[in-house]
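Asker: Supplied in structure tokens, the structure appears directly below.
The values are calculated or read from the model by the stated rules, or taken from the named source; none is laboratory data. The shown structure was predicted, so the numbers you read here are calculated from the model rather than taken from an experiment. Methodologically, a virtual Cβ is constructed for each residue, glycine included, from the backbone with ideal geometry; neighbour enumeration extends over all protein chains shown. Only protein heavy atoms, including side chains, enter the accessible area calculation; ligands, DNA and RNA are left aside. Shrake-Rupley method; radii C 1.70, N 1.55, O 1.52, S 1.80 Å.
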Amino acid sequence: MTGDRIAHELDRLASEFITAVDRRLGTLPTAPSEPGWTSHAITGPADSDTVYWRPVRRGDAFSLNGLSTALETELPAVCGAYFGHFWSGSIPVLWDERPFELLQLWNPEDENNLMHNLLGHALEKKRIREPLTVFFAVVDDARFLSVDAATGAVMLEEVGGERPEEVAADLESLLESVTAIAASP
């Protein structure tokens, strides 16, 4: 049921995001056009330097099982459901008047980048003897949101900062309480 709640909330947020961008700009979201950096999310060229895109459901399986095996620990299933739902650019949201961006996967290469970054994050957590977390959102240049692997709670973390602060009981609750916006204010 957890995966269903994640899917439902991501679908809602994607729809809100597309509507907000259309109201603000009269178009779909755009991203830089980069040769070799394609995505199923791309709907067509906007001009020679940008492409239009929209979140599109993935048609393939996504799993964090390989990373769980490498780390010899179970990673939260909600994280696999979250990252495995769309091919998409990041989705800006507001939570209690605070903006942040929900990270998404653009293409399979981005998926590989995510796995490397999650592994590096996990190794750093182990080195500094902090509980393992899986990041999923960027608040600003120094802060991000993650899911605590042991408890499932959503944590606000600061790069090189103090211990993470719990901000929501779980990822589902957090996603239910945010609203998608056209862009960070």
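Asker: Could you check how many residues of the stretch 130-148 are assigned to a strand (DSSP E or B) and open to solvent by 40 Å² or more (accessible area, probe 1.4 Å)?
Answerer: Of the residues in that region, 2 qualify.
Asker: Can Trp37 be described as among the aromatic types (Phe, Trp, Tyr), in contact (Cβ under 8 Å) with a residue 60 or more places away in the chain and closer than 17 Å to Pro108 by Cα?
Answerer: yes
Asker: Another one. Restricting to the stretch 149-179, count the residues that are touching a residue at least 40 places away in the same chain (Cβ under 8 Å) and either part of a loop (DSSP other than H, G, I, E, B) or open to solvent by less than 40 Å² (accessible area, probe 1.4 Å) (or both).
Answerer: The qualifying residues number 9.
Asker: I need the full set of residues from the stretch 1-45 which are closer than 15 Å to Glu176 by Cα, assigned to a helix (DSSP H, G or I) and among the aliphatic types (A, V, I, L, M), in order please.
Answerer: Ile6, Ala7, Leu10, Leu13, Ala14, listed by residue number.
Asker: Follow-up. So, in the stretch 46-64, how many residues would count as being in a loop (DSSP other than H, G, I, E, B) and under 17 Å from the mean Cα position of the chain (by Cα)?
Answerer: 7
Asker: Restricting attention to the stretch 93-109, and to residues there that are open to solvent by less than 10 Å² (accessible area, probe 1.4 Å) and touching an Asp or Glu at 6+ places or on another chain (Cβ under 9 Å), which single residue is farthest from Ile181 (Cα to Cα)?
Answerer: If we take residues in the stretch 93-109 being open to solvent by less than 10 Å² (accessible area, probe 1.4 Å) and touching an Asp or Glu at 6+ places or on another chain (Cβ under 9 Å), then Leu105 is farthest from Ile181 (Cα to Cα).
Asker: Against the conditions (1) farther than 23 Å from Arg58 by Cα; (2) touching a Cys at 6+ places or on another chain (Cβ under 9 Å), where does Leu118 fall short? Just the number, please.
Answerer: In the conditions (1) farther than 23 Å from Arg58 by Cα; (2) touching a Cys at 6+ places or on another chain (Cβ under 9 Å), Leu118 misses (1) alone.
Asker: Suppose the filter is touching a Pro at 6+ places or on another chain (Cβ under 7 Å), polar (S, T, N, Q) and at pLDDT 95 or above; does Ser177 pass it?
Answerer: So Ser177 does not fit the description; no.
Asker: Another question, if that's okay. Does Thr73 count as assigned to a loop (DSSP other than H, G, I, E, B), open to solvent by 20 Å² or more (accessible area, probe 1.4 Å) and within 23 Å of Gly3 (Cα to Cα)?
Answerer: So Thr73 fits the description; yes.
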